[in-house]
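A short reminder: the numbers here are calculations on the coordinates, not readings from a lab. These numbers come from a predicted model, not from an experiment. Backbone-built Cβ (ideal geometry, glycine too); neighbour counts: all protein chains shown.
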Amino acid sequence: MDLKLRGRVALVLGASSGLGEGIALSLAREGARLGLAARRAAQLEAVAAKARELGAPEALGFALDLRDPGSISAMHSAFRDALGDADIAILNGGGPKPGRFTELGLPDWDDAYRLLLRGMLELLGAVVPPMRARGWGRIVALTSTSVKQPIDSLALSNVFRTALVSALRTLAVEVAPDGVTVNAIATGRIETARLRAIYGDEEAQLRKASSEVPMGRIASPAEFAPMAVFLCGDPASYVTGQTISVDGGLTRGLFG
């Protein structure tokens, strides 16, 4: 299937490892021009080099800290100067502090708000107007199954990721006439540093994570990335306003 992404400009957040890296490399195979944003410059350059080897005409790294509004503005300005306006934006970032609702203080809520919601809204404010003006754009946000089924001890994720999905659903309706699609992916148990941070590195802990999934295993970023990349392509031009689970059957709702 030709996704018609060759030459498209894609901005991928959290691209230095895990799901962001997996999506960036999949976009590279489709011939997209890539701007890779994250806090870790050395890892970003390594991913950019891989992306160029896989077929990206350009792949450049940009420093970004979603908690710092000045960083978002500076990153986007440098990105536009180097690659032009984004056709595709992959919204992805680190996870917030684990904890139950009653264990968290206001500084924890403020930090998670900046990481999971405010930073993403600021970035959307930058990338959406040019997409609308050109009549084509793709926004894909990586969230969590917590937006459909709250997860114990991840109160911050439950609250702010759900708020982001609500904002995206609202945006999707507003920009649909302009050829811009907006979707989210509810991420299940994927082999990433975040999963290990939650469950621990011990094999017993990872077996516990696998036991929660009907398929009986956790997935690799390579199994996750194709869904995100498909949503960026022309064949998905009639899909918008959706939150699609990639979770091995973890979410138990009828419309999981």
Just to compare against my own numbers: the Cα pair-distance distribution for the chain, 10 Å bins, whole % per bin, please. 7, 32, 39, 19, 3, 0
The FRET efficiency for LYS4 and ASP110, from their Cβ-Cβ distance with R0 = 45 Å and rounded to 0.05, is 0.60
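Can you work out D for segment 15-127 in µm² s⁻¹ from Stokes-Einstein, where Rh is the Kirkwood radius over C-alpha pairs, the temperature is 37 °C and the viscosity is 0.692 mPa s? Can you show the working numbers first?
Values: Rh = 14.8 Å.
Once the numbers are plugged in, D ends up at 222 µm²/s.
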Which parts of segment 11-37 would a label at ALA222 reach, counting a residue when its backbone N lies under 19 Å from a point 7 Å out along Cα-to-Cβ? 16-31
Spatially proximal aspartates and glutamates relative to LYS50 (Cα-Cα < 16 Å; intrachain offsets below 8 disregarded): GLU21, GLU30, GLU58
Over the chain: helical MRE at 222 nm, DSSP H runs n ≥ 4 each giving -39500 (n - 2.57), nearest 500: -14000 deg cm²/dmol
With r defined as the distance between the Cβ atoms of LYS50 and VAL173 and R0 fixed at 35 Å, what FRET efficiency is calculated, to the nearest 0.05? 0.40
